[in-house]
Amino acid sequence: MKMSRYGAGALLCFVVACRAAEPGRDVRPMTAAPANVTDISEEVLPLDQVSKSQAAAIGQRVATTEITVTYSRPVARGRQLFGALVPYEQIWTPGADQATAVTFSRNVQVNEHPLAKGAYSIWTIPRAGNWTVIFNKAAKAYHDHYPGEQQEALRLDVRPEEGPHVETLSFSFPVVEGKDAVLRLEWGALRLPLSIRVP
């Protein structure tokens, strides 16, 4: 069946109009630039000078909210982790070197608790049962110096889960659906999920 030039032109206009109306087509790429992974030198390092806990970043857009986590990734290397290398009942940032940090481009809810947009360092108090997770307003901190309770923006209890062994500490977004996401810390057999809802 042959199509006239008018029919072909009408079909082309219809396709272009549909693509222009497609939701999300005007979404800009993520703009967050994590500081601890952008300071990249062109120098090639010998293996013995490479950091034992390498810098990483993960970003996720949830609806129109950008979330970025920057952290360092310690490796288990056969060590017992929680209750040993990472003591129970002591404040710990999940990572190494610079404190793990998270940035939200809009106000969010974390485990149904409000948290204002901005940058925070993330700290935990590990326990055999529920852990405490703390978002601290001092976004730039070193892992062995907690900025203090007066800087806390949010403190909440989180129930850890068990899963397959993860050798190198990781953050991920295993669930992103509509305006909801899960940010999850994984190391060893531990999973620590945080539910995030955006506006």
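The values are calculated or read from the model by the stated rules, or taken from the named source; none is laboratory data. Small disclaimer: the values here were computed from a predicted structure and weren't measured. Neighbour counts are summed over all protein chains in view; Cβ atoms, including those assigned to glycine, are modelled from backbone coordinates with ideal geometry.
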Original post:
Looking only at strands (runs of 3 or more DSSP E) that fall completely inside the stretch 109-199, which ones have 1 or more residues that are touching a helix residue (DSSP H, G or I) at 6+ places or on another chain (Cβ under 7 Å), within 28 Å of ALA76 (Cα to Cα) and touching a residue at least 12 places away in the same chain (Cβ under 8 Å)?
Top reply: 131-136
**OP:** Would you mind finding the one in THR93, THR65, THR70 that is surrounded by 20 or more Cβ atoms within 10 Å (Cβ to Cβ), of a type outside the set (D, E, K, R), in contact with a strand residue (DSSP E or B) (Cβ under 7 Å, 6 or more places away or on another chain) and over 21 Å from ALA189 (Cα atoms)?
**Re:** THR70
Subject >> THR103 vs. criteria of a type in the set (Val, Ile, Thr), out of contact with any Leu (no Cβ under 9 Å at 6 or more places or on another chain) and outside any loop (DSSP other than H, G, I, E, B) >> reply: yes
Subject >> Meets criteria (modelled with pLDDT of 95 or more, of a type in the set (Gly, Ala, Ser), in contact with a strand residue (DSSP E or B) (Cβ under 6 Å, 6 or more places away or on another chain) and on the phi < 0 side of the Ramachandran plot) for ALA119 >> reply: yes
Original post:
What tally of residues in the stretch 168-186 results from selecting those that are surrounded by 20 or more Cβ atoms within 10 Å (Cβ to Cβ) and in contact with a Lys or Arg (Cβ under 9 Å, 6 or more places away or on another chain)?
Top reply: 4
